[in-house]
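The values are calculated or read from the model by the stated rules, or taken from the named source; none is laboratory data. Because the structure is a prediction, the values reported are computed rather than measured. Quick reminder, even Gly has a Cβ in these numbers, built from the backbone with ideal geometry, and neighbours come from all protein chains shown. SASA here: full protein model, heavy atoms, side chains in, ligands and nucleic acids out. Shrake-Rupley method; radii C 1.70, N 1.55, O 1.52, S 1.80 Å.
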Amino acid sequence: MVWFLPEPPRGQFDSQKETPERRTLLGLARNPAFWTVTLGMAAGTFSLGGIQVWMPTFLSQARGYSLESANLIFGEIVVIDGILASLAGGWLGDRLLPRMKGSYYFVSAVSMGLGVPVMIVALFNKGPLMVPAIAVAAFLLLLNTSPLKTIAVNIFLFHLLGDVPSPTLMGYVADKRSLQAAFILPVIAMAVSSAILFYGMRFAPVVRTQDEPGAAGVPAE
């Protein structure tokens, strides 16, 4: 189905003129919008990657679930939340964009920030609130998927800094302390991601929407 989608003209919604500085690696290295979204998403993927790898083990070892049921419960949460959160995050980012040029940063920063207390509840509550808290925390973590990938340039870099090292680091902390202590790392990463993305809002470039003058197919007055 994707094969038959028309490829949009490159740069049709760019609000800034193409310059040599914007086409070079040196220019990219000096671009705060690039670094804030890359580092913000790296911290987010650090959290998400570690949680995805270790949550079934945590439910099994620390909360008494069988590994089979832990995998099933968390797998269902990730699949459902992944679909709903990606759609909701993209819709919210697009909805706010005409009124807020940093809307993609904003939606992602808020979702990460709200996810911190919910994740703490998920980790330390042993009662009936635990699984719903895990589901809400996962939803908030995944809500930034569409907005951040819309503005991210270097997907390789944020995965390299994020979900590549996080499972190993969490495993190291689990060996030295406990698996529950290891989950403090993703919580910290969520807070760091939120802070970086809030800071990055000031650097967000203006992006024309489909309905604005000057966009493809919309004549400028």
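Report, ordered by the first and then the second residue, all pairs with beta carbons closer than 8 Å, sequence separation of six or more or different chains, a first member in the range 47-76 that is free of Cβ contacts under 8 Å to residues at least 24 places away in the same chain, and a second member that is hydrophobic (A, V, I, L, M, F, W, C) and open to solvent by 30 Å² or more (accessible area, probe 1.4 Å). These pairs meet every condition: P56/L67; L59/I73; S60/L67; Y65/I73.
Residues of the range 119-137 that are assigned to a helix (DSSP H, G or I) and either open to solvent by less than 50 Å² (accessible area, probe 1.4 Å) or over 17 Å from I77 (Cβ atoms) (or both): M119, I120, A122, L123, F124, M130, V131, A133, I134, A135, A137.
Residues of the range 49-62 that are open to solvent by less than 40 Å² (accessible area, probe 1.4 Å) and hydrophobic (A, V, I, L, M, F, W, C): I51, M55, F58, L59. Hey, does the range 169-177 have a residue that's open to solvent by 80 Å² or more (accessible area, probe 1.4 Å), at pLDDT 95 or above and β-branched (V, I, T)? No, every residue in the range 169-177 fails to be open to solvent by 80 Å² or more (accessible area, probe 1.4 Å), at pLDDT 95 or above and β-branched (V, I, T). Restricting the first member to the range 95-118 and to residues that are assigned to a helix (DSSP H, G or I), and the second to residues that are among the acidic types (D, E), the beta-carbon pairs closer than 8 Å and six or more apart or on different chains are S103/D94.
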